[in-house]
Amino acid sequence: MRKIFILFTLFCFYSLFSQETSDTIEVNSVVPVVENQGYHEYRMMNSVPGYNLPKIKKMISKLSRTPVNEKSGNTMEYYEALPDKDFDKLTEKEKFTYIMIHPERISQSQTGIQETVIVSDEDKKIFGYLPAVTDGTSWSDRQKDFLKKNSKTVLASIKESALKDSHIGLNYKRTLLEINSIEAIPFLIDFYTNKDKKDKDILTLLLNLVKNTRYHPFVRSNIYRDLYAGKSEDETSYIEYSPINEEYIIKTASNLYAQSFKKR
């Protein structure tokens with residue numbers, strides 16, 4: 001009888017242990033539920049300017065691919081670009097539309113490899129960096145040169161389009177960062193405060209504009225230390241949203257703008 005009791009006890013222990021092990025494996029393999037998926041999709045949305053949009057779309061539809069380096073025969077990197085003669089004929093606002101909806105450089109080696117990173121409760125966080133582009137596209141040198149050389153037209157077009165749509169798309173944010181548009185700071189603050197306060201990536205853009213100038217008061221701040229000091233770029237890095245952090249970011253960006261244009 002004692003043997004039977006011991007065997008029964010061992011069997012129960014084994015069964016319990018096996019069940020816990022199985023449950024642990026199952027829990028670890030489950031993908032966490034992402035809260036507020038809609039906000040993540042909102043963060044990734046691009047804006048579409050309307051300057052002769054049908055004309056630009058028609059031109060894009062006729063483009064063919066050209067390898068970036070034809071001599072090497074590498075077809076993983078290619079351009080899908082308007083010929084210079086056609087690009088040069090476009091007005092500045094038409095070029096802006098073309099660039100916003102059609103980055104000319106495409107890397108097939110990157111397409112589908114870099115997955116979209118989603119962090120739970122994104123709407124309650126202020127990220128250190130804007131979301132990464134994951135479709136393998138990027139602006140060509142020609143497109144970047146246009147944006148930088150025509151920064152006033154670009155900023156005016158972004159303002160006009162954003163006010164019309166009540167949204168500053170990811171492509172617009174990346175454009176303002178590409179041209180280091182300190183001039184955009186008052187507009188961004190006003191837009192965030194009065195038009196689209198749910199878009200915390202506007203605060204992220206302000207942070208990056210301030211960071212890129214190495215603005216001394218910001219470099220000494222706790223936010224800079226938590227997000228940037230001695231750290232590589234990581235789109236998942238964040239600080240929690242709070243009215244205090246929001247106020248600090250807006251005030252610091254405003255001070256940078258005032259100081260920058262006082263010197264001019």
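The values are calculated or read from the model by the stated rules, or taken from the named source; none is laboratory data. Fair warning: this is a prediction, and the values are worked out from it, not measured in the lab. Virtual Cβ from ideal backbone geometry, glycine too; neighbours counted across all protein chains shown. For the accessible areas, the whole protein counts, side chains as well, though only heavy atoms, and no ligand, DNA or RNA atoms are used. Shrake-Rupley method; radii C 1.70, N 1.55, O 1.52, S 1.80 Å.
Look at segment 214-237: where a residue is among the hydrophobic types (A, V, I, L, M, F, W, C) and a partner is surrounded by 12 or more Cβ atoms within 10 Å (Cβ to Cβ) and part of a helix (DSSP H, G or I), sitting 6+ places away or on another chain with Cβ atoms under 6 Å, you get PHE218/VAL210; PHE218/TYR224; PHE218/THR252.
Restricting ARG214, ARG225, ARG142 to those that are farther than 19 Å from ARG43 by Cα, assigned to a loop (DSSP other than H, G, I, E, B) and out of contact with any strand residue (DSSP E or B) (no Cβ under 8 Å at 6 or more places or on another chain) reduces the list to ARG214.
Screening LEU130 against (1) in a loop (DSSP other than H, G, I, E, B); (2) at pLDDT 95 or above; (3) open to solvent by 50 Å² or more (accessible area, probe 1.4 Å); (4) not basic (Lys, Arg) leaves a single unmet condition, (3). Taking first residues from segment 77-97 that are within 15 Å of LYS58 (Cβ to Cβ) and partners that are of a type in the set (A, V, I, L, M) and at pLDDT below 95, the Cβ contacts under 7 Å between residues at least 6 apart in sequence or on separate chains come to GLU80/ILE106.
For segment 240-260, does any single residue satisfy the condition of being modelled with pLDDT of 95 or more, farther than 25 Å from THR97 by Cβ and in contact with a Leu (Cβ under 6 Å, 6 or more places away or on another chain)? Within segment 240-260, one or more residues are modelled with pLDDT of 95 or more, farther than 25 Å from THR97 by Cβ and in contact with a Leu (Cβ under 6 Å, 6 or more places away or on another chain).
Of all the residues in segment 233-264, those that are assigned to a helix (DSSP H, G or I) and either over 19 Å from PRO131 (Cβ atoms) or open to solvent by 40 Å² or more (accessible area, probe 1.4 Å) (or both) number 19. The C-beta contact set for segment 120-148 (first residue without any contact (Cβ under 8 Å) to a residue 24 or more places away in the chain, second residue assigned to a strand (DSSP E or B) and open to solvent by less than 20 Å² (accessible area, probe 1.4 Å), distance under 9 angstrom, 6+ apart or interchain) is empty.
Which of the residues spanning segment 134-150 are among the hydroxyl-bearing types (Ser, Thr, Tyr) and farther than 16 Å from ARG65 by Cβ?
Listed by number, the list holds a single entry, THR134.
When segment 182-232 is filtered for residues that are of a type in the set (Lys, Arg) and surrounded by 12 or more Cβ atoms within 10 Å (Cβ to Cβ), the ones remaining, listed by number, are LYS195, LYS197, LYS200, LYS211, ARG225.
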